[in-house]
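Everything on this sheet refers to the single structure shown next.
The values are calculated or read from the model by the stated rules, or taken from the named source; none is laboratory data. Remember, it's a predicted structure, so these values are computed and weren't measured experimentally. Cβ placement follows ideal geometry from the backbone for every residue including glycine, while neighbour counts extend to all protein chains displayed.
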Amino acid sequence: MHKYIVIFIALHVGLFASYITVCKNCHGKNFEKRALGRSKIVKNLKKEEIRKRLNYFKTSNSIMKSYASSLSEKQIEQIAKIFGK
Ligand code: HEC
């Protein structure tokens, strides 16, 4: 029983890690940097603001468009929850 829980958590963390790997190149390991020297520091934003910005970028002409477009609602929720205030 315990074994399955451990595998489940490992899988979850693994999947989460993989889809934010690309983000870290610009935003820093913990979203603590100004991406390309001009974004806001994401870890200082409120959960709601992160959610709003990522949904907005999906249809924007920002450099963020392709990255935001590849995120599901659930992934956006996770990012907001983990990194937002
Ligand atoms: C090529 C560099 C780059 C990558 C990769 C990247 N971002 Fe960004 N991100 C930016 C820039 C630049 C901005 C500011 C964009 C703007 O205002 O149009 C930004 C803005 C944001 C914002 C809102 C902060 C603000 O300034 O409004 C969030 C949240 C965010 N990115 C999350 C992510 C996530 C999550 C990923 C990965 C799925 C990601 N970013 C990948 C460069 C990047």
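Checking the stretch 27-40 against the condition returns no match, with no residue being under 16 Å from residue 72 (Cβ atoms) and either in a helix (DSSP H, G or I) or under 13 Å from the mean Cα position of the chain (by Cα) (or both). Cβ separations smaller than 7 Å between residues 6+ apart or across chains give the following pairs from the stretch 40-68 residues that are among the basic types (Lys, Arg) and exposed (fewer than 15 other Cβ atoms within 10 Å of the Cβ) to residues that are at pLDDT 95 or above and assigned to a helix (DSSP H, G or I): 65/57. Restricting the stretch 42-70 to residues that are part of a loop (DSSP other than H, G, I, E, B), more than 8 Å from the ligand (Cβ to nearest atom) and farther than 16 Å from residue 81 by Cβ leaves a set whose member that is farthest from the chain's Cα centre (by Cα) is 61.
Here's the yes/no breakdown for (1) of a type outside the set (D, E, K, R); (2) modelled with pLDDT under 95:
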| position | (1), (2) |
| --- | --- |
| 22 | yes, yes |
| 29 | no, yes |
| 42 | yes, no |
| 53 | no, no |
| 69 | yes, no |
| 74 | no, yes |
| 82 | yes, yes |
